[in-house]
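The structure under discussion appears below in the form of structure tokens.
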Amino acid sequence: MSVQVKSNDDTSPAPVLIVQVWRGDKDGAFQTFEVPARANQTVLDVVTEIQRTQDETLSYRFACRVGMCGSCAMVVNERPRWTCRTRVDELEGGPLKLEPLRNLPIVKDLTVDMEPFFNKWRDAHGYFEPGENPPADFAVVEPSSPERQAVDEGIECINCGVCYSACDVVSWNEDYLGPAALNRAWTLVNDVRDRGQDARLTAVTGDAGCHSCHSHMSCTEFCPKHLSPTFSIAGLKRATSNKLWRRR
Ligand code: SF4
Ligand code: SF4
Ligand code: FES
């Protein structure tokens with residue numbers, strides 16, 4: 001185990017983890033806890049143990065515990081991660097340090113308000129547009145088609161907000177749509193059944209859209225699903241530029 005542990009006295013030799021947890025709102029402070037170190041312990045296990053055995057007022061969020069729902073993300077030792085699939089023994093040295101996701105308002109402790117994040121999905125037209133007369137039958141989308149291949153990774157997004165927390169452009173410009181919403185828009189741009197492309201491409205163009213991305217790739221580096229929002233945003237840059245040229 002590489003994070004900081006402390007051995008107890010001779011009568012209780014089991015090591016304990018030193019854990020610093022953010023408490024309160026944006027003006028809060030770290031509180032230190034000690035938690036028994038256990039085999040195969042995840043960061044979410046540690047938070048849950050603190051909440052159940054030491055301070056039931058600790059606020060945090062989780063649901064599935066198996067990397068599907070995207071609700072457990074926090075900043076762990078200075079980088080955003082999903083906590084249900086981050087094992088303590090994988091982490092760098094020092095005390096375990098837990099903070100709420102960055103770039104979102106803190107509700108309390110480790111819980112952030114995800115509303116601005118999801119509002120940007122709406123603003124990027126990250127929802128399916130069936131058109132006025134959608135066909136009654138299911139559409140067949142060939143798995144080998146170029147459009148389907150282009151979004152093969154992107155559709156696996158679990159909306160965890162890790163990329164949004166990692167993105168410097170979101171920090172500089174609170175209106176920037178951000179990597180997750182733009183990734184979602186790219187998956188829909190490639191959906192051959194969708195009828196909302198013009199409005200979607202307009203929505204992702206402009207100061208807060210895909211062209212504000214600096215391609216720093218923090219989103220791609222930290223995404224726990226190993227997706228590449230940077231790739232998706234590059235696709236949107238091409239698609240919006242092509243649309244502009246078609247108009248000239
Ligand atoms: S590549 Fe773009 S969206 Fe991703 S972190 Fe960098 S600036 Fe943000
Ligand atoms: S792109 Fe990755 S990091 Fe961003 S919300 Fe989706 S799964 Fe999470
Ligand atoms: S609790 Fe669902 S992804 Fe972690």
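Points to keep in mind about this one:
- In region 143-169, the residues that are at positive phi reach residues that are in a loop (DSSP other than H, G, I, E, B) and within 16 Å of ligand 3 (Cβ to nearest atom) with C-beta atoms within less than 6 angstrom, at least six apart or across chains, in these pairs: ASN159/GLY70; GLY161/LEU101.
- Elements of type helices (runs of 4 or more DSSP H) in region 125-211, at least 1 residues being modelled with pLDDT of 95 or more and under 18 Å from the mean Cα position of the chain (by Cα): 162-166, 168-172, 178-189
- Test: residue in region 32-39 that is closer than 20 Å to CYS160 by Cβ, surrounded by 19 or more Cβ atoms within 10 Å (Cβ to Cβ) and either of a type outside the set (Asp, Glu) or at pLDDT below 95 (or both): no
- All told, SER145 falls short of being of a type outside the set (Val, Ile, Thr) and within 16 Å of ligand 1 (Cβ to nearest atom).
- Any chance VAL162 is crowded, with 17+ Cβ neighbours inside 10 Å and in contact with a strand residue (DSSP E or B) (Cβ under 8 Å, 6 or more places away or on another chain): yes
- Listed by position, the strands (runs of 3 or more DSSP E) enclosed by region 44-115 that each have at least 2 residues that are at pLDDT 95 or above and within 16 Å of ligand 2 (Cβ to nearest atom) are 73-76, 79-82.
- Residue in region 148-195 that is farthest from ligand 2 (Cβ to nearest atom), counting only those that are of a type in the set (Phe, Trp, Tyr) and farther than 12 Å from PHE117 by Cα: TRP172
The values are calculated or read from the model by the stated rules, or taken from the named source; none is laboratory data. These numbers were taken from a predicted model, which means no experiment stands behind them. All Cβ positions, glycine included, derive from the backbone under ideal geometry; neighbour counts span all protein chains shown.
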